[in-house]
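A short worksheet on the structure shown next.
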Amino acid sequence: MGIDLELGDVFAAREDFEACEESGRGCVHDPTCAEAWRRLRDLGPYEFEGCRRFGRINEIMALTGMGYEAEIDQSLFGDARPGGDEEAQRRWREADLRWRSQTAPGRTGIPAFKLMSNDRWLVSVREIDEALAAYARVPAEQRADLETDDTWVKWLAWLALARERGGFEAE
């Protein structure tokens, strides 16, 4: 199983486009959702192309304090279920967002589970900031050694870009 990462602003624009398409009424936004999505995609790479399996990246993130092992909190959905009336659908969307955005209380950085499955996890700018701050505290010699790995260098560049573009989605 491979995991695809997409920048937060591109992901959000795609979601808006799909919502307008599914509405059956057509897009009434200016610019249209399709144009907004295309513009963001045309800014340059919007998906991480360094790898699709993140075991080694998770190992290095744990080693450097950028990430951590944690259990997924399955209770975040509560009694919300897909479908139903408008209120039920709203509760489901909120529960889904809580679940996909979850972190472990008292921990900083990016939870490893977000890079271990393609469950549409959302990695926030705050999580990225915490991870990059942890990496900045790693001794320079250790960073220099880690940065001989091309995939790791691409990952650091991706995090810096994702920080500026609203985080990212892992699917």
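The values are calculated or read from the model by the stated rules, or taken from the named source; none is laboratory data. What you are looking at is a predicted structure, and each value in this text was computed from that prediction instead of being measured. Cβ: placed from backbone, ideal geometry, glycine included. Neighbour counts: every protein chain shown. Please note that ligands, DNA and RNA were not included when accessible areas were found on the heavy atoms of the full protein model with its side chains. Shrake-Rupley method; radii C 1.70, N 1.55, O 1.52, S 1.80 Å.
Results, tabulated for the structure shown:
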{"read-out": "Helices (runs of 4 or more DSSP H) contained in the stretch 60-171 and holding at least 3 residues at pLDDT 95 or above", "value": "125-136, 140-146, 150-164"}
{"read-out": "Lone qualifier among PHE168, PHE113 - being touching a Leu at 6+ places or on another chain (Cβ under 6 Å) and surrounded by 15 or more Cβ atoms within 10 Å (Cβ to Cβ)", "value": "PHE168"}
{"read-out": "First in the stretch 135-150 and open to solvent by less than 80 Å² (accessible area, probe 1.4 Å), second anywhere and assigned to a loop (DSSP other than H, G, I, E, B), Cβ under 8 Å, 6 or more apart", "value": "TYR135/GLY65; TYR135/MET66; VAL138/GLY65; LEU146/VAL138"}
{"read-out": "Qualifying positions in the stretch 56-84 - of a type in the set (Gly, Ala, Ser) and without any contact (Cβ under 8 Å) to a residue 40 or more places away in the chain", "value": "SER75, GLY78, ALA80, GLY83, GLY84"}
{"read-out": "Tabulated pairs, the stretch 120-131, first more than 18 Å from ALA12 (Cα to Cα), second assigned to a loop (DSSP other than H, G, I, E, B), C-beta under 6 angstrom, 6+ apart or interchain", "value": "GLU130/THR108; GLU130/GLY109; ALA131/MET66; ALA131/GLY109"}
{"read-out": "Of residues in the stretch 4-55 being of a type in the set (D, E, K, R) and open to solvent by less than 50 Å² (accessible area, probe 1.4 Å), the one farthest from ALA162 (Cα to Cα)", "value": "ARG14"}
{"read-out": "First in the stretch 99-110 and within 18 Å of MET66 (Cβ to Cβ), second anywhere and of a type in the set (Val, Ile, Thr) and crowded, with 17+ Cβ neighbours inside 10 Å, Cβ under 7 Å, 6 or more apart", "value": "ILE110/VAL123"}
{"read-out": "Residue list for the stretch 60-74, filter: small (Gly, Ala, Ser) and on the phi < 0 side of the Ramachandran plot", "value": "ALA62, GLY67, ALA70"}
{"read-out": "Some residue of the stretch 47-56 being in contact with an Asp or Glu (Cβ under 6 Å, 6 or more places away or on another chain) and not in a helix (DSSP H, G or I)", "value": "yes"}
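Here is a yes/no grid of residues against (1) open to solvent by less than 80 Å² (accessible area, probe 1.4 Å); (2) of a type in the set (A, V, I, L, M, F, W, C); (3) within 25 Å of ARG143 (Cβ to Cβ):
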residue	(1), (2), (3)
THR64	yes, no, yes
TYR68	yes, no, yes
GLY83	yes, no, no
ARG93	no, no, no
GLY109	yes, no, yes
SER117	yes, no, no
ASP129	yes, no, yes
